[in-house]
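In what follows, a single structure is set out as structure tokens and then discussed.
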Amino acid sequence: MTQATARAYPNIALVKYWGKADEALIIPVAGSMSMTLDDYATTTTVHLGEGTGASGDADALNLNGTELEPVDTAAQRVTAFLDIVRGIAAERGLDTATERARVTTVNEGPTAAGMASSASGFAALATAASAAYGLELNERDLSRLARRGSGSACRSVISRFAVWHAGDSDETSYAEEIAAPDLSMIAVTVASHAKKVSSRAGMRATAATSPFYRSWITSTEESLNEMVRACQDADFTRIGQITETHAMRMHAVINACEPPIRYLAPVSYQVFDAVAELRANGVEAYATADAGPNVVVISRPADAATVAEALAGYAENGRATILNPGPGAQLLGPEEATA
Ligand code: PMV
């Protein structure tokens, strides 16, 4: 039996990915930039061979201790992804190309925290599966592979800060590390019952019905160029300003869909207001939010505790969580691989 275990962490984008140029290959309409977190890991083991419980024509998936049926959406996404891995193994003439797998995955992050578990999930799966199937991929090729599972997963392969180059083909669309000044993220998981529209459905609706879609694409390209310059200059203030403006622009283009889509809840806007008030009082913090009501705030590491304390009251559990730059996806040795 061959097996490999990998761990990866979620990432939060400062310049967001919203829109696909190619749905099948997951090539985005514009590049993006993110920080990989140091908490909420996903640990995934991929076993091949006899005695794994994976039958002749189906892979087996255990998610957080629950055995999933092959018809389950999550299991189908994993099998579709493993088919890509098996396809690469076949191109290389590897015996593993016909093997079904047992995938065991554990998410440490509370699902309700709204931290992108699909990013950490597919980064960990790409890393473990490529090793189990004997592909020996370098970081760039791992990032390209993770992208096929979930776009933002290509950034979780990378340590600390990542730029995802949009590219225009499978070969040219990948993430790589970019140097940036140290910063902290303060996650505010708000109490909200907002109805969830998946990022896939939301992106489709935005491309099809939002009149601002073209300007969203060009302004994202500009924001990314400016963000890269701000990182090179280690200019925290500019990084923060671009982050907050860009987040509002993403929600604006989404709000303009027909019928409208709104991910932010009233309490999310209260957090954005509280962050503006912190700034007015001399604490530099800037807010962003993904496709949901939760808000993530960036600050200099030295201000993180002050920001977390100021925003704790908006959090569902009365606590805001401080996160820092974390490692990229990595294979674990047998002694660490307990998943
Ligand atoms: O990779 P997906 O399909 O989960 O899309 C992620 C989209 C956002 O989280 C909203 C933005 C981003 O760049 O992470």
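The values are calculated or read from the model by the stated rules, or taken from the named source; none is laboratory data. The structure displayed is predicted, hence computed values, not measured ones. Positions of Cβ are generated from backbone atoms using ideal geometry, with glycine treated the same way; all protein chains shown enter the neighbour counts. Only protein heavy atoms, including side chains, enter the accessible area calculation; ligands, DNA and RNA are left aside. Shrake-Rupley method; radii C 1.70, N 1.55, O 1.52, S 1.80 Å.
Hey, can you tell me all the residues within segment 253-267 that are in a helix (DSSP H, G or I) and within 13 Å of residue 203 (Cα to Cα)? Outline the logic, then answer.
Keep residues of segment 253-267 that are in a helix (DSSP H, G or I), which gives 253-255, 266-267.
Across segment 253-267, the qualifying residues are 253, 254, 255.
What single numbered condition from (1) assigned to a loop (DSSP other than H, G, I, E, B); (2) away from the ligand (no atom under 16 Å from the Cβ); (3) on the phi < 0 side of the Ramachandran plot fails to hold for residue 196?
Of (1) assigned to a loop (DSSP other than H, G, I, E, B); (2) away from the ligand (no atom under 16 Å from the Cβ); (3) on the phi < 0 side of the Ramachandran plot, only one is false for residue 196: (2).
Does segment 252-262 contain any residue that is at pLDDT below 95 and touching a Ser or Thr at 6+ places or on another chain (Cβ under 9 Å)?
So the first thing to find is which residues in segment 252-262 are at pLDDT below 95, and the list is none.
No, the conditions are met nowhere in segment 252-262.
Residues of segment 116-138 being among the aliphatic types (A, V, I, L, M) and within 14 Å of the ligand (Cβ to nearest atom), which ones? Talk me through it step by step, then tell me what you get.
The first filter runs over segment 116-138 and keeps only residues among the aliphatic types (A, V, I, L, M), leaving 116, 119, 123-126, 128-129, 131-132, 135, 137.
If the condition is that a residue be among the aliphatic types (A, V, I, L, M) and within 14 Å of the ligand (Cβ to nearest atom), then 116, 119, 123, 125, 126 are the ones that fit.
In segment 159-193, which residues are open to solvent by less than 10 Å² (accessible area, probe 1.4 Å), in a loop (DSSP other than H, G, I, E, B) and either away from the ligand (no atom under 13 Å from the Cβ) or under 28 Å from residue 269 (Cα atoms) (or both)?
Answer for segment 159-193, where residues must be open to solvent by less than 10 Å² (accessible area, probe 1.4 Å), in a loop (DSSP other than H, G, I, E, B) and either away from the ligand (no atom under 13 Å from the Cβ) or under 28 Å from residue 269 (Cα atoms) (or both): just 183.
I'd like to verify a number: residues in segment 6-26 that are over 19 Å from residue 328 (Cα atoms) and in a strand (DSSP E or B), how many?
The total comes to 3.
Taking segment 274-302 only, how many residues are without any contact (Cβ under 8 Å) to a residue 12 or more places away in the chain and either open to solvent by less than 10 Å² (accessible area, probe 1.4 Å) or not basic (Lys, Arg) (or both)? Steps first, answer last, please.
Just the residues of segment 274-302 that are without any contact (Cβ under 8 Å) to a residue 12 or more places away in the chain, to begin with: 276-277, 279-282, 302.
Next cut, either open to solvent by less than 10 Å² (accessible area, probe 1.4 Å) or not basic (Lys, Arg) (or both) only: 276-277, 280-282, 302.
Looking only at that region, the number is 6.
Contact list please: Cβ distance under 9 Å, first residue in segment 138-151 and free of Cβ contacts under 8 Å to residues at least 40 places away in the same chain, second residue among the aliphatic types (A, V, I, L, M) and within 10 Å of the ligand (Cβ to nearest atom), pairs at least six apart or on different chains.
Qualifying pairs under 9 Å: 143/153.
Can you tell me which residue within segment 245-263, out of those that are within 23 Å of the chain's Cα centre (by Cα), in contact (Cβ under 8 Å) with a residue 40 or more places away in the chain and open to solvent by less than 60 Å² (accessible area, probe 1.4 Å), is farthest from the ligand (Cβ to nearest atom)? Steps first, answer last, please.
Taking segment 245-263 as the starting set, the residues that turn out to be within 23 Å of the chain's Cα centre (by Cα) are 245-255, 261-263.
Now narrow it down to the ones that are in contact (Cβ under 8 Å) with a residue 40 or more places away in the chain: 246-247, 250, 252-254, 261-263.
If we keep only those that are open to solvent by less than 60 Å² (accessible area, probe 1.4 Å) as well, we get 246-247, 250, 252-254, 261, 263.
On the way: 246: 10, 247: 9, 250: 7, 252: 14, 253: 12, 254: 9, 261: 12, 263: 8 Å.
Looking at residues that are within 23 Å of the chain's Cα centre (by Cα), in contact (Cβ under 8 Å) with a residue 40 or more places away in the chain and open to solvent by less than 60 Å² (accessible area, probe 1.4 Å), I get 252.
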